[in-house]
Amino acid sequence: MGGPGTKNPQMQPAGGERRRPERSILAPNQDLPPLTKTELGLDVLTVSIATITTQLSAHAVDQPTMPLAWAVINGLIVIGALAAGGAYRPRFTLAFLDSVRWVLGATAIAAMTVSFFRLLAVDDPQIAGQAARLWLFTTAYMIAGRGGAQLLRARARRLRVSWDPTLIVGAGKVGQHVAQRLFDRPEFGLRPVAFLDEDPLEVENAANLPVYGVGAGPVAETVGEVIEELNVRHVVVAFSLASHADELALVRRCRELGASVSLVPRLFEAVPDQTTLERIGGIPLISVHARNPRGWQFTLKYACDRVLALIALIILSPLLLIAGVGTLLTLGRPVLFRQPRVGIDGRAFEMLKFRTMRPGPPTDNRSLSEDLERGLAPGGVEGEDRRTAFGAFLRRSSLDELPQLINVLRGDMSLIGPRPERPEYAERFGTEVHRYGDRLRVKSGITGWAQVHDLRGRTSIADRVEWDNYYIENWSFWLDLKIAFRTFLMLVRREE
């Protein structure tokens, strides 16, 4: 096969010495089973255990048990509801909270259905209690089972015990971006090993992967050799200069060789999670259903934000008082730090924080300018560290951010949304960072989707923009709940 010193120079990877993909400690074709099959088997097992436990627990407290036939029907309805809801559709990964939502919905449907038909059949005062007991055990066992399985699978993938060698077709900017995202997200179980591109664009190979197929002719003719040589099990078709016919032939060839295929749509930035696939003859027509930041859903969100901010200010008032007094004793007046930030529609507002630093000379912006040149957002301690011991504690625990609840109550901010930047940086990012202005369609937030993905402080502003725009276009109350939960976990872990 192609490589340095072989008889087929056209199959040599471009860009230097070829890197062999790391092998899984499992033999070929012995990796962990696909996620969907694993979850189906696990759900059947946990539903069965929950049914048995429910019956035994009823005996233990000397209570009448649910007829076994109805308990079995309950389990079948749970599995059927999960299947109907898409829980077993092929996918690479699923967040634990999404699993919880599916399980709660499926077990509730099953419990209500069984109770309803049992009441039609017999008049038994124990029906509600038996259904509630079975619902409780089934829900608890399924959530625990799915959570444990996801933790084990995530750990195995981080340790590279189970991952699929992945070939990316297209070595341009989009292909490089896909490779970097897969490296950043090992939980997907896809490990990029090479690019395939007969005529790659001149872009930086940040992923440092070999590029196959340069000058070797149509990618459909060379993909088979690359798949065989690198033991590729998954192919991601990104953007390349290959013709439509060549890429279509490539997809067919990959399927013939047993490699699964994913396609990056041409307008991927305009494709939200909510889509509808219909067909006009043989042509698929994908309708996108992105959230409208001017719609009634966001109006309701902002109203809920103000109510929750008021409740939080009342509940956290003792904590606010302690933080305020501590700031006053260590730094004097003023207690609050006020800084202009850019919010919705580019409008400036004063964001509030507790003061944490002593007065000092103007910050030397040379290092900050270097960060901006590298595409890093400002954040953290800029220049000399002038924090007091109490101020460092406030920052470490994020208690310095609590006055922003007042910003939410005023209507300047939301509880959850993109973090606001200072006007001078927002102006610069607006001209230099792709789609930066799109994140100003909604109110800024105290926490956000980018922050719970560790994009805080001096991190890539382009990555923040990507995550923020995903949040805006896929917003839901459930997504806000997930962000709030993950923010809480981050604060607890930081405290530890």
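Would you be able to tell me the number of residues in segment 293-352 that are β-branched (Val, Ile, Thr) and in contact (Cβ under 8 Å) with a residue 24 or more places away in the chain?
Of the residues in segment 293-352, 4 are β-branched (Val, Ile, Thr) and in contact (Cβ under 8 Å) with a residue 24 or more places away in the chain.
Looking for whichever is among the basic types (Lys, Arg) and crowded, with 18+ Cβ neighbours inside 10 Å here; the options are Arg233, Arg252, Arg266, Arg181. Which one fits?
Among Arg233, Arg252, Arg266, Arg181, only Arg233 is among the basic types (Lys, Arg) and crowded, with 18+ Cβ neighbours inside 10 Å.
Which condition number does Trp478 fail, the rest of (1) outside any helix (DSSP H, G or I); (2) surrounded by fewer than 15 Cβ atoms within 10 Å (Cβ to Cβ); (3) touching a residue at least 60 places away in the same chain (Cβ under 8 Å) being met?
(1)
Here's a check for you: in segment 236-249, which residue that is at pLDDT below 90 and either buried (at least 22 other Cβ atoms within 10 Å of the Cβ) or outside the structural domain of Val193 (by TED's automatic domain parsing) (or both) is nearest to Val193 (Cα to Cα)?
Ser240
Which numbered condition trips up Arg255, out of (1) farther than 21 Å from Ile446 by Cβ; (2) part of a strand (DSSP E or B)?
So the condition that Arg255 fails would be (2).
Taking the criterion of being more than 17 Å from Ala58 (Cα to Cα), assigned by TED's automatic domain parsing to the domain that holds Gly75 and surrounded by 19 or more Cβ atoms within 10 Å (Cβ to Cβ), would at least one residue in segment 117-128 satisfy it?
Yes: segment 117-128 contains one or more residues that are more than 17 Å from Ala58 (Cα to Cα), assigned by TED's automatic domain parsing to the domain that holds Gly75 and surrounded by 19 or more Cβ atoms within 10 Å (Cβ to Cβ).
Need a quick list: helices (runs of 4 or more DSSP H) entirely within segment 326-433 having at least 3 residues that are surrounded by 15 or more Cβ atoms within 10 Å (Cβ to Cβ) and at pLDDT below 95.
Helices (runs of 4 or more DSSP H) meeting the threshold: 366-373, 389-397, 423-432.
Scan segment 48-85 residue by residue and report those that are outside any helix (DSSP H, G or I) and in contact with a Phe, Trp or Tyr (Cβ under 8 Å, 6 or more places away or on another chain).
Correct list: Gly85 only.
For the structure I just gave you, tell me whether Trp467 is on the phi < 0 side of the Ramachandran plot, crowded, with 16+ Cβ neighbours inside 10 Å, touching a residue at least 60 places away in the same chain (Cβ under 8 Å) and among the aromatic types (Phe, Trp, Tyr).
Taking the combined requirement at face value, the residue does not satisfy it.
Residues to consider are Arg181, Arg191; find the one that is under 30 Å from Arg153 (Cβ atoms), in a strand (DSSP E or B) and either assigned by TED's automatic domain parsing to the domain that holds Leu151 or among the charged types (D, E, K, R) (or both).
Arg191
Which residues, taken from segment 288-318, are touching a Leu at 6+ places or on another chain (Cβ under 8 Å) and outside any loop (DSSP other than H, G, I, E, B)?
Matches in segment 288-318: Asp305, Arg306, Leu308, Ala309, Leu310, Ala312, Leu313.
Quick check: is even one residue across segment 91-101 under 30 Å from Ser260 (Cβ atoms), among the hydroxyl-bearing types (Ser, Thr, Tyr), modelled with pLDDT under 90 and part of a helix (DSSP H, G or I)?
Within segment 91-101, one or more residues are under 30 Å from Ser260 (Cβ atoms), among the hydroxyl-bearing types (Ser, Thr, Tyr), modelled with pLDDT under 90 and part of a helix (DSSP H, G or I).
Testing Leu277 on (1) assigned to a strand (DSSP E or B); (2) farther than 30 Å from Pro192 by Cβ, one condition comes back false. Which one is that?
Every listed condition holds for Leu277 apart from (2).
Report yes if some residue within segment 142-158 is in a loop (DSSP other than H, G, I, E, B), surrounded by fewer than 18 Cβ atoms within 10 Å (Cβ to Cβ) and touching a residue at least 60 places away in the same chain (Cβ under 8 Å); otherwise report no.
no
Sort through Ala154, Ala140, Ala121 and tell me the only one that's under 22 Å from Ala81 (Cβ atoms) and at pLDDT below 90.
Ala121
The values are calculated or read from the model by the stated rules, or taken from the named source; none is laboratory data. Because the structure is a prediction, the values reported are computed rather than measured. As a convention, Cβ positions derive from the backbone with ideal geometry for all residues, glycine included, and neighbour counts pool all protein chains shown.
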